[in-house]
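Read through the structure below, which is laid out as structure tokens, and then see the notes.
Every read-out reported here was derived from the displayed coordinates using simple, explicitly stated rules and does not represent laboratory data. Computed from a predicted model, the values in this text were never measured in an experiment. No Cβ is skipped: glycine too gets one built from the backbone with ideal geometry, and neighbour counts run over all protein chains shown.
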């Protein structure tokens, strides 16, 4: 039998990036594309690191590369451009030996049936190997150095003039590996003892753990049995702060992929829990995640902004609305999103969020709580959205708990991404007057 050739992880990275960052139009989601490249071990780690790294640092890499080219590369040479960007990323942002990187990419160009680019690759990468990223970007505008599209940089500077640079810098690092302990199976100190070295408790959520270095879930004791779940610490706050009677009726709107649904079951195991999701394929993900936890919930397919299509008329004691948003708080996890998202997308998202809020509010019992959440750091989606809602709904009160040191906003609680902490996130706890 002829042995199968091991895929080249750098070639796989370029092929994946060619679907995520095409020369024209919108690309595919990096997370979805990577499912088609099941490389394991060190090869899989190298491929994923290149993919995420190029997406994170795309703008400064492109900026420097463009300065080196005597004439622009043709659109048909997009794979060659991506290979050069991958090489630059490895030289400037990885600890791999420079000579090995410089030597790898001319051969990669030949594998891609672009032998004409081997000399170009050699010249560009040899020059880059003599520079640091700081030297390469000296004098470049802030939006290029921070690897942001112009519209997003402008929004952050307008919304958060004192925090914009720190937000952008935090999104240039890999996110920490964060877990949620299933309180139905174990206490957090016991989980820390079981996991061993490199584990620390989070400060925001009482069931959160940070694990360093990251581990495959197959190496987490009890993961397959639901003892632990992978979930950012800030993303744990909405369900943690939601208040409901132990046997109350709770709606998780926009539930996929089911992390918060599972957390609600862990907190309220005797509640009547309903998970709503528009996309039937994503609803299957909710079902799978609940099955791993041994959790149960009523699963409904439907649009949160049109409850007349799925609501049975029985009010809810609590509602969690994890609304569709720009994902600008989790760009370190989904760095490709900043190149897919456009400024023109935001008004439509803001309108959808408002329609969902207005549609779900009548479903809430008097005295009940609705928690609104986004993984965004844009104020139009967050505190301005909730301030406008409070103006429309005199029955609603903002009862969001937040620490004294939290950034002051008009309503709710805004969190910014922290290099060794939580993602950027927003939540508001709204109580319905009796």
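Things worth noting here:
- Across all directions, the shadow cast by the convex hull of segment 239-305 built on its C-alpha atoms averages 4.0 square nanometres.
- Kirkwood Rh in Å, taken over all unlike Cα pairs in the chain: 23.4
- Burial order of peptide ranges 229-237, 40-48 (average beta-carbon count within 10 Å, highest first): 229-237, 40-48
- Put simply, the C-alpha atoms of segment 9-140 give a gyration tensor, and the ellipsoid matching it has half-axes of 21, 17, 15 Å, longest first.
- Spacing of the two label points (7 Å from each Cα toward its C-beta) at residue 391 and residue 138, in nm: 5.0
- The chain: angle of helix 9-20 to the longest principal axis, Cα-based, in degrees nearest 10: 60
- Between 0 and 90°, nearest 10: helix 345-360 axis offset from the chain longest Cα axis: 20
- From most to least packed by mean Cβ count within 10 Å, the peptides 193-199, 416-422 give 416-422, 193-199.
- If the chain linking residue 203 and residue 150 were pulled fully straight, counting 0.36 nm for each residue of separation and taking away their Cα-Cα distance, it would gain 15.7 nm.
- Packing-based exposure ordering (other Cβ within 10 Å, fewest first) of 270, 57: 270, 57
- Area projected by the alpha carbon convex hull of segment 292-434, averaged over all directions, nm²: 10.6
- Note on segment 177-230: Rg/Rh from C-alpha atoms, Kirkwood Rh, equals 0.90.
- Label sites at residue 29 and residue 215, each approximated as a point 7 angstrom past Cα along Cα to Cβ, lie 2.8 nm apart.
- In terms of other Cβ atoms within 10 Å, 431, 281 run from fewest to most in the order 281, 431.
- Placing a label point 7 Å from the Cα of residue 298 along the Cα-to-Cβ line, the residues of segment 313-335 whose backbone N sits under 12 Å from it are 313-317.
- Helix 78-93 axis, angle to the chain major axis (alpha carbon atoms, nearest 10°): 80
- Expected 222 nm ellipticity per residue - DSSP helices of 4 or more, -39500 (n - 2.57), all of the chain, to 500: -12000 deg cm²/dmol
- For segment 325-387, the convex hull drawn through the C-alpha positions has a volume of 87 cubic angstrom per residue.
- Nearest-0.05 FRET efficiency for residue 95 and residue 270, computed from C-beta distance (R0 45 Å): 0.35
- Take the Cα of residue 194, step 7 Å toward its Cβ, do the same at residue 166, and the gap between the two points is 3.6 nm.
- FRET E, pair residue 69, residue 384, Förster distance 51 Å, beta-carbon r, rounded to 0.05: 0.75
- Antiparallel DSSP beta bridges within the chain, percent to nearest 5: 55
- Likely footprinting exposure, 284, 328, 178, fewest C-beta neighbours within 10 Å first: 284, 178, 328
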